[in-house]
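Structure incoming, see below.
Any read-out appearing in this document is the output of simple, stated calculations on the displayed coordinates, not a laboratory observation. All values reported here derive from a predicted model rather than from experimental measurement. Here Cβ is always computed from backbone atoms with ideal geometry, including for glycine, and neighbour counts include all displayed protein chains.
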């Protein structure tokens, strides 16, 4: 879940700047700089998937905890 916050769309200007800086001089860096909308869409999709997965894991842990408490 913490990793998903790095890719949060509200941080998109910082994320794109960081990606472009880290990937500078590479083919992927050129793609990030030349196609900011595509890069932003990909970053947002990563955020959505990571958040969805994190929420699923937390819900599963909560249900497991509830079952354990019922057994006691």
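Mean residue ellipticity at 222 nm from the helices of the chain, using -39,500 (n - 2.57) per DSSP H segment of n ≥ 4 over the full residue count, to the nearest 500 deg cm²/dmol?
On the way: 4 runs with 60 residues, N = 72.
Theoretical 222 nm ellipticity from helices: -27500 deg cm²/dmol.
Any idea how far apart residue 24 and residue 1 come out in nm if each label point goes 7 Å out from Cα toward Cβ?
3.6
Counting only Cα, what are the radius of gyration and maximum Cα-Cα distance Dmax of the chain, in Å?
When restricted to the Cα atoms of the chain, Rg and Dmax are 17.6, 59 Å.
Normalised by the number of residues in the chain, what is the relative contact order in percent for Cα pairs under 8 Å and 6+ residues apart? It would help to have the intermediate numbers written out before the result.
Numbers: 43 pairs, mean separation 28.7, N = 72.
The value is 40 percent.
Here's another thing I want to ask about it. What is the gain in length, in nm to one decimal, between residue 53 and residue 67 on full extension, counting 0.36 nm per residue of separation less the C-alpha to C-alpha distance?
Values: separation 14, 0.36 × 14 = 5.04 nm, distance 2.12 nm.
Here the segment from residue 53 to residue 67 would lengthen by 2.9 nm.
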